[in-house]
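One structure is given below, encoded as structure tokens.
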Amino acid sequence: MTAATARSEGESFRHHILTVLVENKAGVLARVAGLFSRRGFNIFSLAVAPTDDERFSRLTIVVDVESAPLEQVIQQLDKLVNVVSISQLAPDAAVERELMLATVAVDARLRSEIIELVGVFRGEVVNVGPDRLTVMLAGSPDTLDDLERLLGGYTIVELQRSGRVALPKLGRSGG
Amino acid sequence: MRLTGAQALIKSLETQGVEVMFGLPGGAILPVYDPILDSSIRHILVRHEQGAGHMAEGYAMVTGRPGVAMATSGPGATNVVTPLSNAYMDSTPLVVITGQVSTSAIGSDAFQECDITGVTMGITKHNWLVKRAEDIPRTVAAAFHVATTGRPGPVLIDVPKDVSNAQMEWYWPETEADLDLPGYHPRTEGDPAAIAAAVELMLRAERPVLYVGGGALKSRGAAALIELAERTGFPVVTTLMARGAFPDSHPLCLGMPGMHGNYTAVTAMQRADLLVALGSRFDDRVTGRVDAFAPGAKVIHVDIDPAEIAKVRVPEVAIVGDCRVVMERMLDALDAAGLVHDEAAVRTDRGATAVAGSRAAGRPAREGWWGQLRAWQREYPLHYEAESEGTVKPQMVVETLRDLNPEDTIVVAGVGQHQMWASQYWRFEHPYTWVNSGGAGTMGFAVPAAVGAKVGRPDKTVWAIDGDGCFQMTAQELVTASAERIPIKVAILNNAYLGMVRQWQEMFYAERYSEVYLSPDLPDYVKWAEAMGCVGIRVESPEEVAPAIEKANAIDDRPVVVDFRTDAFEKVFPMVPAGGSNDDIVVHPNQAGARVAQ
């Protein structure tokens, strides 16, 4: 077992994903973040985006269920007046995706090596400079962990991950 | 009808049924103060905005109606932060309105600008920054709805000055759907299956205790509680926030549990096989060390706030709902189980065993449990050394106040030793007669809260029992009381110390007294009272206690302050040391030799 898979399995054990529908109003993100902070709940990642209904936004929060029982996190969140609904996703019941951008220092030889590596992961090169490359990968968090670990063998100038978004896995027969 | 935002705000408060509010004007709230001149609402001008907030709390706690406070932006608003925090901890419905700098100036560090919605996010149930005058009626209606439904709590509405000045067309939201609260749906009806499961546990319990918290009062559940207690014959403990929810003189009442609760209430919970938590939240001051709390008890937890369930203790049966509604459903289920009211058993005097309900066939007889409880009550009653060599014992002052005042007197306390003695030695017979700062522990609460309580219930005698440290924090509101002719009475248990801190330093810091001495004479409380338009009385010996109280009771046209010079070395007993197990309860040294078979 590699270090990366050990880490991600350990993480998925502690992680739970909450998708939270909130009113699209000023200050709502601060209310959610403030709640986590003052109750001592840890967030692994948080992604926010508008939904197809402009009155609402959806937060995808990956919570550390070791910092507090999941049920307590959900009940406290649900008390926020601007929180409309909460659904929880166990990691094995969710389809999760995340985006990573990484800028790596390269010379002529390394350039093709990294392009090849990113190609194996079905990532893309999105920007090329004289001595740097910016690559992008969208995929499962585990896949991103793998590429991040491999890129660690080179000189990473900057690396940014989006935090994950998730939806429930569909049943075999269901829509 | 065209109105300014300010006019719409006042009209909204009137429409909401507000009769009185507490506040202090300033720059950003100026437009709102103009229509107050033409309003039916009584405005009480405070001397400090913290006073306005605590007055609104006192008003809310005795009337059950939301308290309303108003302040200007910046420091005016931040002065209400402590009352908001206090009301949040004690689930008191409060609507606070603050002025804000104009919308164009927000974020520019303008004069008296403060992001008060940001500051109070964590200590309000919800808050609103109103950006358009046309949003005012809907926001006010939503604010009162949120403050008073579900688990009650404080809310804040921040109104920028240009919004107050702008014109709008008046309307009033007629239905809940008009309030624009898509995420707010408090649950009040308990799950019938959970209630049935709870009643099943109750019928089988051998050593039950009803652990009653503030939710029983918030839900107006006192009558249902008496019925439930008498029907089941279960003993009742009332937490600091629930004093008065169940009569102290009732044979089923064991009194207050917790850090300074009485021995029987504390120990009954420790030995119970069933705790029925009714609107109580397993506060650390009640549980002591959580992993040693009531180790043999199954728990039924009734609370309107789902987040309280399993926050501290995982219950065997969880019932999310309004405490009164759930108790009434429990009574229905007990009816169905054939457990009828047994008047004769409840009416037995305190010495006899009250075992109502347990006579139904096949139910456990609880004579053994009651025998144990009565034995603890006999061996470990509340106790203090009455022999005082001329010094005034603070407990004696509370007892004399109790004996010389009507049973329905409203008692208001701050935080510290005086608060515990008031809770221990007063005899609470009626709901909504006890006003204190429970969860937040806010020193200085008593004087302004008493003013608000008297405004809410002018027909009742209101005594604040305060400490000298607390009194100095908010005494200026006696100027408000004098000016507005609100005749409250204040008993200062003046021991010249920050007494509770002194007690901890004596017991846990090897008598190293650090920054706790205050002096009995500085300030001169009698002169200070007189300067604020009150009658001031000083009491220095035990014989003067009763006459001073009688003199104070005879005055009804202005506030009275009685400076009781009390024994500085008196400590509150019993006491569960902080972080300790409730099994390690420390009783008064005179009782240390007593032993009770367990």
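A compact table of results
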| item | result |
| --- | --- |
| Longest segment of chain A lacking GluC sites (Glu not before Pro) that sit in a DSSP loop with at most 13 other Cβ atoms within 10 Å | A:67-175 |
| Per-selection Kirkwood Rh - the range B:164-248 (Cα, Å, 1 d.p.) | 16.5 |
| Rounded tilt (10° steps) of B:192-204 against the dominant C-alpha axis of chain B | 30 |
| Rounded to the nearest 20 debye, dipole of the range A:3-89 from Cβ charges on Lys, Arg, Asp, Glu | 300 |
| Between 0 and 90°, nearest 10: helix B:542-554 axis offset from chain B longest Cα axis | 50 |
| Rounded to the nearest 10 Å², the accessible area of residue B:103 at probe 1.4 Å | 50 |
| The range B:394-565: Cα Rg divided by the 2.2 N^0.38 Å rule of thumb | 0.97 |
| Cα principal axis extents for the range A:3-148, largest first, Å | 56, 35, 26 |
| Unit charges at the beta carbon, dipole of the range B:394-565: most positive-side option, B:397, B:444, B:416 | B:444 |
| Debye log10 I(q)/I(0) for the range A:3-89, one point scatterer per Cα, at q = 0.16, 0.20, 0.21, 0.24 Å⁻¹ | -0.60, -0.89, -0.96, -1.19 |
| Those chymotrypsin sites (Phe, Trp or Tyr not before Pro) in the range A:10-71 that DSSP places in a loop and that have at most 12 other beta carbons within 10 Å | none |
| Per residue value of the accessible surface for the range B:491-588 (all protein chains in place, 1.4 Å probe), Å² | 46 |
| For the protein assembly as shown, size of Cβ-based charge dipole, Lys and Arg +1, Asp and Glu -1, in debye | 720 |
| Estimated 222 nm signal from helices in chain A, with DSSP H stretches of n ≥ 4 weighted -39500 (n - 2.57), rounded to 500 | -10000 deg cm²/dmol |
| Residues residue A:51 and residue A:136, FRET efficiency given R0 of 22 Å [Cβ-Cβ distance, rounded to 0.05] | 0.35 |
| Alpha-carbon centroid distance for the pair the range B:169-245 / the range B:248-303, whole angstrom | 17 |
| Table column - 3J(HN,Hα) (Hz), the range B:208-214, Karplus curve with 6.51, -1.76, 1.60, x for Gly and Pro | x, 9, 8, 9, 9, x, x |
| Violating pairs (Cα-Cα greater than 24 angstrom) within the set A:169/B:125; B:489/B:527; A:25/B:161 | A:169/B:125 |
| Partners for residue B:571 among lysines (Cα-Cα distance below 17 Å; same-chain residues under 8 apart left out) | B:393 |
| FRET efficiency, residue A:42 to residue B:332 (Cβ-Cβ, R0 51 Å, nearest 0.05) | 0.70 |
| Principal axis dimensions, largest first and in whole angstrom, of the range B:373-444 by Cα | 34, 31, 27 |
| Intensity falloff of the range B:217-294 expressed as log10 I(q)/I(0), Debye formula with alpha-carbon point scatterers, at q = 0.13, 0.18, 0.25 Å⁻¹ | -0.36, -0.70, -1.35 |
| Largest to smallest principal axis extent of the C-alpha atoms in the range B:70-184, angstrom | 37, 36, 21 |
| 1.4 Å probe accessible area per residue over the range B:1-132, in Å² | 35 |
| Fully extended contour minus Cα-Cα distance, from residue B:119 to residue B:223, at 0.36 nm per residue | 33.5 nm |
| Estimated dipole of the range A:95-168 in Debye, rounded to 20 [Cβ of Lys and Arg +1, of Asp and Glu -1, Cα centre] | 120 |
| Net length gained if the chain between residue B:2 and residue B:176 were fully extended (0.36 nm per residue, minus Cα distance) | 60.2 nm |
| Crossing angle, helix B:323-336 versus chain B [Cα axis fit, 0-90 degrees, rounded to tens] | 40 |
| Residues losing 40 Å² or more accessible surface upon assembly, the range A:81-107, compared with the chain by itself, 1.4 Å | A:81 |
| Accessible area buried at the A-B interface, both sides summed, 1.4 Å probe (Å², nearest 100) | 1400 |
| Unit charges at the beta carbon, dipole of the protein assembly as shown: most positive-side option, B:252, A:59, B:71 | B:252 |
| Kirkwood Rh in Å, taken over the protein assembly as shown so that all alpha-carbon pairs contribute | 29.0 |
| FRET efficiency, 1/(1 + (r/R0)^6) with R0 41 Å, evaluated for residue B:132 and residue B:540 via beta carbons | 0.10 |
| Debye equation applied to the C-alpha atoms of chain B, log10 I(q)/I(0) at 0.05, 0.07 Å⁻¹ | -0.22, -0.44 |
| Eligible aspartates and glutamates near residue B:311 by straight Cα distance, threshold 20 Å, same-chain separation 8 or greater | A:64, A:66, A:71, A:78, B:90, B:191, B:283, B:284, B:291, B:303, B:322 |
| Which of A:47, A:21, A:80, positive extreme of dipole for the range A:3-89 (C-beta unit charges) | A:80 |
| Where Rh is the Kirkwood radius over Cα pairs, Rg/Rh for the range B:192-379 | 0.92 |
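The values are calculated or read from the model by the stated rules, or taken from the named source; none is laboratory data. Here the structure is a predicted model, which is why all the values come from computation and not from measurement. Glycine also receives a Cβ, built like all others from the backbone with ideal geometry; neighbour counts cover every protein chain displayed. Each accessible area value is taken on the protein alone, full model and side chains, heavy atoms only, with ligands, DNA and RNA left out. Shrake-Rupley method; radii C 1.70, N 1.55, O 1.52, S 1.80 Å.
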